[in-house]
Amino acid sequence: MSDHDTQRRQFLKTSLGAAAVAIAPGMLLFDTAHGKTEADSSKVRWGMLIDTAQCKTGCNDCVTACNKENGLSGGTLPTDSQWMRKIDIKDISSGRETSLPMMCQHCEEPPCVDVCPTGASFKRADGIVLVDRHRCIGCRYCMMACPYKARSFVHEPLHDQKPDVPRGKGTVESCTLCVHRVDKGQQPACAQACPNKAILFGNLNDANSEIAQKLRSVASVQIRADMQLNPGIRYQGL
Amino acid sequence: MKLLVSLLLCLCIPLAWATEANAPKLDIGKGGQCVRDPQWMRKNHMHLLIHQRDEAVRKGIRDEQISLKNCVECHASLKDDSVIAREDSFCAGCHRYEAVKIDCFECHASKRRVALVNKDEK
């Protein structure tokens, strides 16, 4: 073997060694990011009990809180997004008037999920019905399927959305039960804002929760219970 | 001597890769490294974001560290609090250079939370 060859071999060896030394610290950077939070579980089913006796006609605080929390304009045109709205109903024979908030009822068997052609409309394990706007193509079948008229379509480009509530043109949206707050252990904005505490939020599946206990003790109804969608939002005093 | 030359070579080659002549100069905001090193992030941030978005939307697993919100919080410009407002903004600068359309911010907030809160109060 010539001297030249040995030198060459030596050079390659040292180069490789040096390369290994240079790369080694980089390898340490391949540390994985650890998730701290757990996935939502089917042991939980979030729901609400709305006491219409406590809901005052003309009071709009829950709707205002919803609009502020989610960055909605608050407009009521057919092309404006309304996640929550107040409804006044009157029984014609007796003249009894009732006021109640209406929004996505977070059905156990949601028709919006059944009809969605892309799988964008879905129900989380904890019962919250959402639109995955990454998959939504804006076909609006879900809006037609919803018996509660709970969903809205975003017609115009939006600016300065809330960091926790991404919204955008060309997709369908509705009440998320303030999922970003619920995941942090907080109450939905409407439940917190109601001055008469007419909206009780909690876990329907936990027998010891305040909402489950109240559902056991008072008469409550599901709206359009005949469709057997088993909504998570229940009304008392209708 | 040879050791020195080979060491220099090894250090210079990645350096040459890293500093491409026309690479965009970005306004990195507060900057800093919280997930991985910058070179790795340049190449792979989209995979982290897509993984995180599905976990967060569908399962409610919200890993704050790799959330888009957290990226914006640090990397939004200190001048206008945005990651897309100007030619050299953190996201827009590189995406323009690479000619990759970025549509995250049609829905997601492109400004840091403080800026939006201040705007609400005005």
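The values are calculated or read from the model by the stated rules, or taken from the named source; none is laboratory data. No experiment lies behind these values; they were computed from the predicted model shown. Backbone-built Cβ (ideal geometry, glycine too); neighbour counts: all protein chains shown.
Say whether the condition of being surrounded by fewer than 18 Cβ atoms within 10 Å (Cβ to Cβ), modelled with pLDDT of 90 or more and within 22 Å of B:Lys25 (Cα to Cα) is met by at least one residue in region B:57-72.
Looking through region B:57-72, at least one residue is surrounded by fewer than 18 Cβ atoms within 10 Å (Cβ to Cβ), modelled with pLDDT of 90 or more and within 22 Å of B:Lys25 (Cα to Cα).
How about region B:47-98: which of its residues are in contact with a His (Cβ under 7 Å, 6 or more places away or on another chain) and either over 28 Å from A:Leu130 (Cα atoms) or not in a helix (DSSP H, G or I) (or both)?
Result: B:Val83, B:Phe90.
With respect to the numbered conditions (1) surrounded by 17 or more Cβ atoms within 10 Å (Cβ to Cβ); (2) farther than 23 Å from A:Asp132 by Cα; (3) at pLDDT 90 or above, which one is the sole condition not fulfilled by B:Arg42?
Only one criterion in (1) surrounded by 17 or more Cβ atoms within 10 Å (Cβ to Cβ); (2) farther than 23 Å from A:Asp132 by Cα; (3) at pLDDT 90 or above is unmet by B:Arg42, namely (1).
For region A:143-151, check the following and say yes or no: at least one residue is aliphatic (A, V, I, L, M), over 16 Å from the mean Cα position of the chain (by Cα) and over 18 Å from A:Gln82 (Cα atoms).
Looking through region A:143-151, none of the residues is aliphatic (A, V, I, L, M), over 16 Å from the mean Cα position of the chain (by Cα) and over 18 Å from A:Gln82 (Cα atoms).
Mind counting the residues in region A:76-124 that are under 18 Å from A:Gly170 (Cα atoms), of a type in the set (Gly, Ala, Ser) and out of contact with any strand residue (DSSP E or B) (no Cβ under 6 Å at 6 or more places or on another chain)?
Going through region A:76-124 one residue at a time, the tally reaches 1.
Going by the conditions given, is B:Glu87 more than 9 Å from chain A (Cβ to nearest Cβ) and touching a Gly at 6+ places or on another chain (Cβ under 8 Å)? Break it down into steps so the answer makes sense when it comes.
Numbers: more than 9 Å from chain A (Cβ to nearest Cβ): yes; touching a Gly at 6+ places or on another chain (Cβ under 8 Å): yes.
Considered against the rule, which asks whether it is more than 9 Å from chain A (Cβ to nearest Cβ) and touching a Gly at 6+ places or on another chain (Cβ under 8 Å), B:Glu87 comes out as yes.
Is it fair to say B:Ala23 is surrounded by fewer than 17 Cβ atoms within 10 Å (Cβ to Cβ), part of a helix (DSSP H, G or I) and modelled with pLDDT under 90?
Values: surrounded by fewer than 17 Cβ atoms within 10 Å (Cβ to Cβ): yes; part of a helix (DSSP H, G or I): no; modelled with pLDDT under 90: yes.
Against the criterion (surrounded by fewer than 17 Cβ atoms within 10 Å (Cβ to Cβ), part of a helix (DSSP H, G or I) and modelled with pLDDT under 90), B:Ala23 does not qualify.
Of the residues in region A:37-50, how many are surrounded by fewer than 20 Cβ atoms within 10 Å (Cβ to Cβ) and over 15 Å from the mean Cα position of the chain (by Cα)?
4
I'm trying to understand the selection: among the residues of region B:90-111, which are buried (at least 20 other Cβ atoms within 10 Å of the Cβ), out of contact with any Asp or Glu (no Cβ under 9 Å at 6 or more places or on another chain) and either more than 14 Å from chain A (Cβ to nearest Cβ) or aliphatic (A, V, I, L, M) (or both)?
Result: B:Cys91, B:Ala92.
Restricting attention to strands (runs of 3 or more DSSP E) lying wholly within region A:34-144, give those where 2 or more residues are within 14 Å of chain B (Cβ to nearest Cβ) and touching a residue at least 12 places away in the same chain (Cβ under 8 Å).
By residue number, A:121-123, A:129-131.
Looking only at residues in region B:57-81 that are over 12 Å from the mean Cα position of the chain (by Cα) and more than 9 Å from chain A (Cβ to nearest Cβ), which one is nearest to A:Lys162 (Cα to Cα)? Write out each step before concluding.
Keep residues of region B:57-81 that are over 12 Å from the mean Cα position of the chain (by Cα), which gives B:57-65, B:78-81.
Now narrow it down to the ones that are more than 9 Å from chain A (Cβ to nearest Cβ): B:78-81.
Details: B:Leu78: 19, B:Lys79: 20, B:Asp80: 17, B:Asp81: 14 Å.
Among them, the one singled out is B:Asp81.
For a quick check of your reading of the model, give me the residue pairs whose first member lies in region B:35-53 and is among the acidic types (Asp, Glu), whose second is surrounded by 12 or more Cβ atoms within 10 Å (Cβ to Cβ), with beta-carbon atoms closer than 8 Å and at least 6 apart or on different chains.
Within 8 Å, the pairs are B:Asp37/A:Gly26; B:Asp37/A:Leu29.
Looking at (1) within 14 Å of chain B (Cβ to nearest Cβ); (2) in contact with a Cys (Cβ under 7 Å, 6 or more places away or on another chain); (3) within 17 Å of A:Ile128 (Cβ to Cβ); (4) touching a residue at least 60 places away in the same chain (Cβ under 8 Å), find the lone condition where A:Val172 falls short.
(4)
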